[in-house]
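Comments concern the structure below.
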Amino acid sequence: MEINGSCVCGSVRFAIAGRPKMMGTCHCSRCRKLGASTIVFVGREQFTLTAGDAYIETVQPAPPFIYHRSFCRRCGTSLGEPLSPDPSFPINAHCLDDDPGVRITFHEHEEDRPAWEET
Ligand SMILES: [Zn+2]
Ligand SMILES: [Zn+2]
């Protein structure tokens, strides 16, 4: 099973071999503003960037925040951390074009969930 993903303009494309390890939603303001609040964790061995690495821009946050964020320079789509050197890293679930076969199993920073957001 291969799960494909892409940014809005189609410049950045990737493929995930098999099911992602897990899916979850973070309700913190940073993830919400990035538009990447629901993510899937993938293993590096199952992730292949098939196109558009030249379009990926990465933002390094000021301390105390540690997670960098990547997006497509052409269309602004938030991608997660596709260039992470870690053995497992988050990818924006909203970029997936196929059903990943996993569902949301955890929520983080529930206390930051905005009042208008449905539970
Ligand atoms: Zn794009
Ligand atoms: Zn967050």
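Within the option set Ala62, Ala36, Ala54, Ala93, being within 16 Å of ligand 2 (Cβ to nearest atom) and without any contact (Cβ under 8 Å) to a residue 12 or more places away in the chain holds for one residue only, Ala62.
Scanning the range 76-119 for residues that are over 14 Å from Gly5 (Cβ atoms) and within 16 Å of ligand 1 (Cβ to nearest atom), we see that the one that is modelled with the highest pLDDT is Gly76.
Residues checked against (1) more than 14 Å from Ile39 (Cβ to Cβ); (2) among the hydroxyl-bearing types (Ser, Thr, Tyr):
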| site | (1), (2) |
| --- | --- |
| Pro82 | no, no |
| Gly101 | yes, no |
| Thr105 | no, yes |
| Asp112 | yes, no |
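The residue that is least open to solvent (accessible area, probe 1.4 Å), among those in the range 54-68 that are part of a loop (DSSP other than H, G, I, E, B) and out of contact with any strand residue (DSSP E or B) (no Cβ under 6 Å at 6 or more places or on another chain), is Pro61. Tallying residues that are under 20 Å from Pro61 (Cα atoms) and either out of contact with any helix residue (DSSP H, G or I) (no Cβ under 9 Å at 6 or more places or on another chain) or open to solvent by less than 10 Å² (accessible area, probe 1.4 Å) (or both) within the range 1-29 yields 1. What number of residues in the range 70-105 are open to solvent by 50 Å² or more (accessible area, probe 1.4 Å), in contact with a Ser or Thr (Cβ under 8 Å, 6 or more places away or on another chain) and either assigned to a strand (DSSP E or B) or closer than 14 Å to Cys31 by Cα (or both)? Looking only at that region, the number is 3.
The values are calculated or read from the model by the stated rules, or taken from the named source; none is laboratory data. From a predicted model like this one, the values you see are computed outputs, not experimental measurements. Note that we place each Cβ from the backbone using ideal geometry, even for glycine, and neighbour counts take in every protein chain shown. For the accessible areas, the whole protein counts, side chains as well, though only heavy atoms, and no ligand, DNA or RNA atoms are used. Shrake-Rupley method; radii C 1.70, N 1.55, O 1.52, S 1.80 Å.
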